[in-house]
1. Just to confirm the number: angle between the C-alpha axis of helix 15-28 and the first principal axis of the chain, 0 to 90 degrees, nearest 10?
2. Give a quick list of GluC sites (Glu not before Pro) in the stretch 1-97 that DSSP marks as loop, anything other than H, G, I, E or B, with at most 16 other Cβ atoms within 10 Å.
3. Spin-label point model (7 Å from Cα, Cβ direction): what's the R102 to R89 distance in nm?
4. Quote the FRET efficiency, to the nearest 0.05, computed for N78 versus T26 with a Förster distance R0 of 22 Å and r equal to the Cβ-Cβ distance.
5. Which stretch or stretches of the stretch 56-92 have amide N atoms under 13 Å from the point lying 7 Å from N6's Cα along the Cα→Cβ direction?
6. Go ahead and set up a Gaussian network model of the chain, Cα springs under 10 Å, then flag whichever of L67, L29, L17 fluctuates most.
7. Only four residue types carry charge here, +1 at the Cβ of Lys and Arg and -1 at the Cβ of Asp and Glu. Report the dipole size of the chain about the Cα centre in Debye, rounded to the nearest 20.
8. Using only helices, what value at 222 nm comes out for the chain when you add -39,500 (n - 2.57) per DSSP H run of length 4 or more and divide by the total residues, to the nearest 500 deg cm²/dmol?
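FYI, it's all coordinate maths here, none of it is from the lab. None of these values were measured; they are calculated from a predicted model. All Cβ positions, glycine included, derive from the backbone under ideal geometry; neighbour counts span all protein chains shown.
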Amino acid sequence: MQIQVNHDHNIVGGESLQNYVENLMTDALHNFKDQVTRVEVHVADENGQKGGDDDMRCTMEVRLRGLKPFAVTHRDKNIHAAIDGAADRVTRSVRKTVQKRREI
């Protein structure tokens, strides 16, 4: 499973953000590691220097083997909360998709 992290110029990224996302997604999708081929994570501060509630956005695009990619977005007050929220949504979506696939 490949994990790619992208961020806008308002987010201080670096190795610590990359490691945080990789560890989180590896743990969250461990049960589906054979089905998930790639996760692209995009984090952004929508208001930049202005600040504001829920202005941190995390969008995750997931590619499952043999299926079209899908994306989820979560907004929150800080970047880690936005990433965590998006990871929860991805995990639920992947679990649901894999279960439906097994029922066919």
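1. Rounded to the nearest ten degrees, it is 30.
2. E46
3. Output for this residue pair reads 2.5 nm.
4. E between N78 and T26, to the nearest 0.05, is 0.50.
5. Residues 59-62 fall inside that zone.
6. L67
7. It works out to roughly 780 debye.
8. Helix contribution divided over all residues of the chain: -13000 deg cm²/dmol.
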